[in-house]
Amino acid sequence: MTLLEVNDLTTYYKLKEGRVRACEGVSLRLEKGEALGLVGESASGKTTVALSLIKLLPENASIAGGSIKLDGKELVTAAEEEMRKIRWKEISIIFQGAMNALNPVRTVGDQIAETLKIHDKLTDREAWQRTRALFEKVEIDPDRVREYPHEFSGGMRQRAMIAMAIACNPRLVIGDEPTTALDVMVQAQVLQLLQQLREEIEMGLILITHDLSVVGETCDKVAVMYAGQIAEYGPTEEVFTRPAHPYTRALIAAFPDIEGERALASSIPGNPPNLLYPPPGCRFHERCSEAKPLCREAQPRTININNHHYASCHLLDRQVKSCRA
Amino acid sequence: MLQTQTRKDRFTLLKKNLSTFWGVYRENTMGIAGLVILLFFALMALVGPHLVTYTGEIEGAEMVLQPPSAAHWLGTDDLGRDVFAGVVVGSRISLLVGLAATVISMVIGAIIGIAAGYYGKTVDTILMRFTDIFLVIPWLPLMLVMAALLGPSLGNIIFVIGITGWAGTARIIRSQTLSIKERPYVERARAIGSGDLHIMVHHILPNVFPLIFANTILVAAVAILSETTLSFLGMGDPTRMSWGMMLHFAFEMGAVSFGAWWWLIPPGVCVVLVVLGFTFIGYALDEVLNPKLRRR
Amino acid sequence: MQSLVSVDQLEVHFAVRTGFMQSMFGKETPVVRAVDGVSFELGKGEILCLAGESGSGKTTTGKAILRLVEPTGGKVLYEGEDVRSYNRLRLRAFRQEAQIIFQDPYESLNPRQTVFSTVAEPLEVNNLCRSLAEKEERVAQALVDAGLHNPRELFLRYPHELSGGQRQRLAIAGALVLDPKFIVADEPVSMLDLSIRAGILKLMVDLRDKKGIGYLFITHDLSLAWLVSDRIAIMYLGKIVELGSADKVIKEPLHPYTRALVSVIPTPRRKVITQQSLLKGETPDPVNVPAGCRFHPRCPEAKPRCREAVPLYREVRPGHFAACHLLDS
């Protein structure tokens with residue numbers, strides 16, 4: 001059953017200098033209980049996609065087109081009133097900096113209980129009971145509900161953030177770089193917890209990260225973003241073992257692998273384009289080692305490589321190939 | 001061969017920095033309003049005294065306390081002097097005292113603030129307790145006592161206002177210094193072998209400078225008010241006309257009981273406008289130089 | 001290999017600030033043992049990696065060697081001389097030869113300094129140039145060495161006008177301009193995007209090959225450590241638990257902590273996280289260091305002896321050191 005369907009989502013930021021095309025023509029599909037990884041480097045538009053999904057964009061940004069359907073319900077046109085009910089009850093988000101997202105002068109338990117009281121209209125006692133149960137679920141000692149965020153370690157704070165995100169049993173959880181600031185071992189613990197919870201409560205998960213390994217570890221499907229667009233999309237294993245887009249290939253090659261050869265991979269030359277003035281044609285052509293003249297002129301189509309594996313690249317386009325021949 | 005540090009390049013750099021700054025500043029309505037007000041008064045102080053004749057001499061008895069007319073736009077005072085000319089001439093002293101006193105308090109405040117924040121520990125404790133004393137002493141009586149002791153001269157007035165106004169600045173600069181000295185670039189500067197003075201001048205000062213600058217503007221407003229207050233209370237230099245002095249004479253000579261509003265209101269309005277102008281610019285700069293406050 | 005830096009039982013302890021009441025009642029002030037007896041040698045032109053999780057004391061070790069943090073015990077020998085005995089003048093000279101590159105290229109550059117003045121500053125501070133032309137020449141050369149071509153076009157730019165990779169190259173140029181023999185690189189690429197990391201690392205390795213610079217490379221990323229360094233030292237709670245050649249430490253780790261870390265080295269190609277590979281809990285606070293082996297509360301193979309006696313740090317195999325009771329049989 002399809003949980004989330006995003007079609008041609010386009011979000012712009014308005015600046016003095018003009019429009020920043022942070023996210024353009026993004027289409028995604030998430031089945032119930034599935035995990036999707038959204039990977040990209042800094043400023044690739046992945047966070048914009050996340051904020052668009054739950055409509056928490058900053059004031060100067062707006063969704064310019066496309067549709068977001070959660071269980072068939074359209075969110076792009078939904079009123080703020082309606083969104084407030086959907087947020088947390090149906091879609092929740094885990095933010096990157098747990099220290100900043102928690103209020104330092106209130107106890108952690110208090111903040112989770114508050115969420116429950118607001119959204120699930122629970123009484124004080126019920127809310128605290130649920131909070132203790134949630135702590136147990138994310139593997140923190142429930143007796144620590146009355147402690148303040150600074151008394152928690154980095155990993156525990158991130159667990160508390162997860163507890164808060166799953167408090168109202170949402171059907172979709174968005175994790176915005178949930179493990180980025182954590183040590184490798186703690187990151188592994190948190191990823192494993194997310195995996196467990198996903199199986200337990202059947203929630204859909206969208207994991208936004210710059211780290212390919214995080215996606216490889218937890219996600220069924222992956223979407224690789226570059227300069228505001230999706231370059232490649234498909235089942236994780238398939239994409240990582242047989243990458244079709246030159247950008248994905250370069251990204252995977254740049255990831256050090258201790259099983260592989262002990263040599264520094266070549267980096268991708270240049271920098272990502274400024275999205276105020278995106279280059280014409282394929283947005284990756286300036287850094288692509290295989291770019292053809294056509295790549296400079298026309299935007300590539302999205303090509304279906306085989307079932308559920310898509311990439312946007314002229315080099316894969318049979319029509320283009322036959323034209324040239 | 002291309003030389004970076006030639007005049008031309010420095011000029012290019014300055015121009016680039018200024019145009020970036022102006023690009024943001026001109027979006028700020030409040031800042032532009034303040035700038036217009038201050039430019040008006042600056043012009044008045046610079047060229048005004050050359051355009052009007054103000055002798056300070058006693059005119060004929062029939063000219064005393066005339067209401068505004070075509071000949072005397074703002075009427076005359078008890079000695080028959082033109083009030084408009086007085087306001088124009090007085091602007092020079094008022095602004096001079098205000099700005100000079102501001103420079104003094106900013107220099108003291110910046111040195112004490114940076115030194116306290118950078119060295120920390122004992123130096124910090126001693127300097128900050130010293131600052132606290134200046135912060136809690138009621139500044140008006142202090143100014144009055146000092147002005148009375150030193151005697152009423154222009155230099156003394158500037159000194160008295162300057163020496164009492166730096167404490168708040170020092171506190172603000174200190175807290176900013178505390179945060180900047182922990183930045184990695186200060187540590188990097190230490191790693192290349194820089195001494196304390198070099199770090200304070202090249203790394204801390206440029207980064208607290210926007211704060212000093214924004215604060216200067218607000219201190220200037222207070223300094224001009226202080227000058228007016230001191231002169232009004234008779235502690236000013238009686239040989240030099242300033243707005244405060246005008247108010248002082250007007251009050252002494254009973255302008256209120258004569259109903260001579262034209263003598264009281266113009267210098268008062270000028271003080272208010274200048275203070276308002278400085279305050280507007282101060283808030284605007286705070287917003288421009290502090291990106292966190294900048295509206296999107 | 002000739003030794004460039006030799007660290008012997010280095011200690012950095014910080015006193016924790018406590019409340020007035022606590023010191024009134026004569027409670028002992030707690031001490032953070034950030035670095036607690038670290039010893040290693042770094043040869044000329046060698047890249048030694050100090051790896052560990054946050055709170056392991058790896059950054060403090062790097063800064064203590066340069067005396068950016070004052071050591072509280074032990075010895076640091078630079079070319080045979082004790083760095084801790086240096087007076088002001090000698091320290092200044094030492095800091096021309098020993099440089100540091102910081103993690104965050106956004107924070108380690110003064111936002112109000114142009115590219116030129118950032119790189120020229122070390123020359124000015126140390127009065128190294130007689131003429132402006134010479135200064136410009138050296139600044140331009142350092143920028144080129146750091147991989148920034150057309151340096152003169154960049155002279156009047158500010159850091160915020162550069163990309164992340166360019167900024168880190170600028171920071172490297174600021175270190176190179178003094179012709180250092182030793183560089184502490186504190187997580188130099190962890191803030192950068194994956195696609196530009198390799199370029200920066202290659203630059204560092206090239207500089208070693210060309211100029212014979214010795215590096216202390218500090219990182220939490222074991223796969224990067226394995227790629228660039230000659231030897232790797234693994235730190236846990238202020239102590240080195242294992243040290244050896246990069247290949248040996250990663251492929252044949254001796255210490256249970258290293259084994260656990262190696263087992264979760266992230267890779268996109270396969271799933272590595274399993275219940276067995278995960279250590280329980282997190283690195284404890286360096287204020288309350290566990291007795292005996294510091295790692296024993298989290299060690300999956302801990303024996304009763306580990307709780308009591310501190311294991312000896314010794315050469316288990318030629319050139320491969322470790323501190324663990326399980327290796328003592």
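The values are calculated or read from the model by the stated rules, or taken from the named source; none is laboratory data. Quantities reported herein were computed from a predicted structural model and do not represent experimental measurements. Backbone-built Cβ (ideal geometry, glycine too); neighbour counts: all protein chains shown.
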- request: For residues that are more than 27 Å from the chain's Cα centre (by Cα) and small (Gly, Ala, Ser), scanning just the stretch C:267-313, find the one that is nearest to the other protein chains (Cβ to nearest Cβ).
  value: C:ALA302
message: Being at pLDDT 85 or above and surrounded by fewer than 19 Cβ atoms within 10 Å (Cβ to Cβ) is true for just one of A:GLN196, A:GLN189. Which residue is that?
response: A:GLN196
Every residue from the stretch B:180-231 that is more than 10 Å from chain C (Cβ to nearest Cβ), charged (D, E, K, R) and in a helix (DSSP H, G or I): B:ASP196, B:GLU227
query: When both residues are 6+ apart or on different chains and their Cβ atoms are under 6 Å apart, which pairs have a first residue that lies in the stretch C:118-139 and is within 10 Å of chain B (Cβ to nearest Cβ), and a second that is small (Gly, Ala, Ser) and part of a loop (DSSP other than H, G, I, E, B)?
result: C:VAL125/B:GLY193; C:VAL125/B:SER194; C:ASN126/B:GLY193
message: Any residue at all in the stretch A:165-176 that's over 23 Å from C:GLU53 (Cβ atoms) and part of a helix (DSSP H, G or I)?
response: yes
message: One residue is enough: does the stretch A:40-63 have a residue meeting the conditions under 30 Å from A:ARG249 (Cα atoms), in contact (Cβ under 8 Å) with a residue 12 or more places away in the chain, out of contact with any helix residue (DSSP H, G or I) (no Cβ under 8 Å at 6 or more places or on another chain) and in a strand (DSSP E or B)?
response: no
- prompt: When the stretch B:11-45 is examined, which residues are found to be under 19 Å from C:LEU156 (Cα atoms) and either hydroxyl-bearing (Ser, Thr, Tyr) or outside any helix (DSSP H, G or I) (or both)?
  reply: B:THR12, B:SER19, B:THR20
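Tally up the residues in the stretch A:201-245 that are part of a loop (DSSP other than H, G, I, E, B) and over 22 Å from A:ASN307 (Cα atoms), please. Can you show your working first?
Restricting attention to the stretch A:201-245, the residues satisfying the condition of being part of a loop (DSSP other than H, G, I, E, B) are A:202-203, A:210-211, A:219-220, A:227-228, A:242-245.
From what is left, the residues that are over 22 Å from A:ASN307 (Cα atoms) are A:202-203, A:210-211, A:227-228.
So the count comes out to 6.
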message: Restricting to the stretch A:64-100, give me the number of residues that are surrounded by 18 or more Cβ atoms within 10 Å (Cβ to Cβ) and farther than 19 Å from A:CYS168 by Cβ.
response: 3
task: Could you grab me the full set of residues in the stretch C:140-183 that are among the polar types (S, T, N, Q) and in contact (Cβ under 8 Å) with a residue 60 or more places away in the chain?
output: C:GLN168
message: Return the residues of the stretch C:93-113 that are in a loop (DSSP other than H, G, I, E, B), within 9 Å of another protein chain (Cβ to nearest Cβ) and not acidic (Asp, Glu); say none if nothing qualifies.
response: C:PHE102, C:GLN103, C:SER108, C:LEU109, C:ASN110, C:PRO111, C:ARG112, C:GLN113
statement: Result of the Cβ filter at 7 Å on the stretch B:190-213, keeping first residues that are hydroxyl-bearing (Ser, Thr, Tyr) and partners that are surrounded by fewer than 21 Cβ atoms within 10 Å (Cβ to Cβ), at least 6 apart or interchain, is B:SER194/C:VAL125
- prompt: Under the condition of being more than 9 Å from every other protein chain (Cβ to nearest Cβ) and among the charged types (D, E, K, R), which residue from the stretch A:177-231 is farthest from C:HIS220 (Cα to Cα)?
  reply: A:GLU202
- prompt: Filter the stretch A:78-117 for residues that are in contact with a strand residue (DSSP E or B) (Cβ under 8 Å, 6 or more places away or on another chain) and of a type in the set (A, V, I, L, M, F, W, C); which is modelled with the lowest pLDDT?
  reply: A:PHE95
query: Here are some residues: C:LYS202, C:LYS210. Which one is in a helix (DSSP H, G or I), free of Cβ contacts under 8 Å to residues at least 40 places away in the same chain and more than 11 Å from chain A (Cβ to nearest Cβ)?
result: C:LYS210
statement: By residue number, the members of the stretch A:132-164 that are in a loop (DSSP other than H, G, I, E, B) and at negative phi are A:VAL138, A:ILE140, A:ASP141, A:VAL145, A:ARG146, A:GLU147, A:TYR148, A:PHE152, A:SER153
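Results for (1) outside any loop (DSSP other than H, G, I, E, B); (2) within 17 Å of the chain's Cα centre (by Cα); (3) within 14 Å of chain A (Cβ to nearest Cβ), shown as yes or no for each residue.
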| site | (1), (2), (3) |
| --- | --- |
| C:ASP36 | yes, yes, no |
| C:GLU41 | yes, yes, no |
| C:LEU48 | yes, yes, no |
| C:GLY55 | no, yes, yes |
| C:THR61 | yes, yes, no |
| C:GLU70 | no, yes, no |
| C:VAL76 | yes, yes, no |
| C:LEU91 | yes, no, no |
query: Can you tell me which residues in the stretch B:135-170 are among the aromatic types (Phe, Trp, Tyr) and either on the phi > 0 side of the Ramachandran plot or assigned to a helix (DSSP H, G or I) (or both)?
result: B:TRP139, B:PHE159
Only listed residue being closer than 19 Å to C:LEU227 by Cα and facing chain A (nearest Cβ under 7 Å), chosen from C:VAL249, C:VAL264: C:VAL264
message: On the basis of being in a loop (DSSP other than H, G, I, E, B) and either surrounded by 24 or more Cβ atoms within 10 Å (Cβ to Cβ) or within 13 Å of chain A (Cβ to nearest Cβ) (or both), does C:SER195 make the cut?
response: no
task: Scan the stretch A:205-216 for residues that are more than 16 Å from C:LEU194 (Cβ to Cβ) and either among the charged types (D, E, K, R) or out of contact with any strand residue (DSSP E or B) (no Cβ under 7 Å at 6 or more places or on another chain) (or both) and report the count.
output: 0
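Could you list all residues from the stretch C:298-329 that are crowded, with 17+ Cβ neighbours inside 10 Å and either among the polar types (S, T, N, Q) or assigned to a strand (DSSP E or B) (or both)?
Matches in the stretch C:298-329: C:TYR313, C:VAL316, C:HIS320, C:PHE321, C:ALA322, C:ALA323.
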field: Every residue from the stretch A:8-31 that is surrounded by fewer than 17 Cβ atoms within 10 Å (Cβ to Cβ), more than 18 Å from A:ILE208 (Cα to Cα) and either in contact (Cβ under 8 Å) with a residue 24 or more places away in the chain or small (Gly, Ala, Ser) (or both)
entry: A:ASP8, A:LYS14, A:LEU15, A:GLU17, A:GLY18, A:ARG19
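Could you count how many residues in the stretch A:65-77 are touching a strand residue (DSSP E or B) at 6+ places or on another chain (Cβ under 9 Å) and farther than 19 Å from A:MET225 by Cα?
8
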field: Any pair with Cβ under 8 angstrom, 6 or more apart, that starts in the stretch A:288-311 at a residue that is in a loop (DSSP other than H, G, I, E, B) and ends at one that is among the basic types (Lys, Arg)
entry: A:HIS308/A:LYS221
query: Residue check: is B:GLY165 more than 27 Å from C:SER108 (Cα to Cα), in contact (Cβ under 8 Å) with a residue 12 or more places away in the chain and not basic (Lys, Arg)?
result: yes
statement: Matching residues in the stretch A:246-277 (at the interface with chain C (Cβ under 7 Å from one of its Cβ atoms) and in a loop (DSSP other than H, G, I, E, B)) number 11
